[in-house]
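Report on the structure given below.
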Amino acid sequence: MKALSSSTVPTTERLLNVLALLLIIGQLALIFGYYPQLPETIPVHFGLAGKPDRWGGRGNLFVVPGLSVFFFVLFWGIRQIPAEFYNQPVPQTPENRDRLVRNTHQMLAMLLFVVMVFMTWTFWNWLQAASGSEPVAGKMLPNLLLLLAIAGTTLFYVRRAYRRV
């Protein structure tokens, strides 16, 4: 059996992938908008209190969009794996195969979107700190929200896989 063709990709999954791609484009637009006005040395890492604890060149700004592109390609690549290799929470049968595959693909698209939102938020705060402004997010709140969003998304789609079993 093959992976679902691109013509059978549900609208929700397509929308989430387009939004994730737009967030990556937004990250690149932010770089090109801010880059000329940034100092040569910028904060490149923040401690638990949200304060910079490591500094580097402004070229480091390309790391976040680079990672975002990597994750986008990774999640797209995972989608290409044939359904027979998926480890589903319920037994995969010919009757439920397509539903489980769509559920898994939509979960991947949602997780990718969540990660892209987090990375874009983090990147925005990084640019704020590099510009000399106080970052909007401090401490561990964004990281906690990311973990909750990933756990919540995963639990939602696993629960959904059990429906109509």
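Conditions tested, residue by residue: (1) of a type outside the set (Asp, Glu); (2) part of a helix (DSSP H, G or I); (3) surrounded by 17 or more Cβ atoms within 10 Å (Cβ to Cβ).
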{"residue": "Ala49", "(1), (2), (3)": "yes, no, no"}
{"residue": "Asn87", "(1), (2), (3)": "yes, no, no"}
{"residue": "Leu111", "(1), (2), (3)": "yes, yes, yes"}
{"residue": "Val114", "(1), (2), (3)": "yes, yes, yes"}
{"residue": "Phe118", "(1), (2), (3)": "yes, yes, yes"}
{"residue": "Asn125", "(1), (2), (3)": "yes, yes, yes"}
{"residue": "Gln128", "(1), (2), (3)": "yes, yes, no"}
{"residue": "Ser133", "(1), (2), (3)": "yes, no, no"}
Number of positions in the stretch 51-61 that are surrounded by 14 or more Cβ atoms within 10 Å (Cβ to Cβ) and either at positive phi or modelled with pLDDT of 85 or more (or both): 4
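Given the condition closer than 15 Å to Leu30 by Cβ and part of a loop (DSSP other than H, G, I, E, B), answer yes or no: does some residue in the stretch 135-145 qualify? Steps first, answer last, please.
Taking the stretch 135-145 first, the residues closer than 15 Å to Leu30 by Cβ are 135-136.
From what's left, part of a loop (DSSP other than H, G, I, E, B): 135-136.
Yes - at least one qualifying residue is present in the stretch 135-145.
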Total residues in the stretch 135-165, condition exposed (fewer than 11 other Cβ atoms within 10 Å of the Cβ), under 20 Å from the mean Cα position of the chain (by Cα) and modelled with pLDDT under 85: 2
Among residues of the stretch 60-85, those that are of a type outside the set (A, V, I, L, M, F, W, C), assigned to a helix (DSSP H, G or I) and under 22 Å from the mean Cα position of the chain (by Cα), counted: 6
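The values are calculated or read from the model by the stated rules, or taken from the named source; none is laboratory data. Source: prediction; values computed, not measured. All Cβ positions, even for glycine, are placed from backbone atoms using ideal geometry, and neighbour counts span all protein chains on display.
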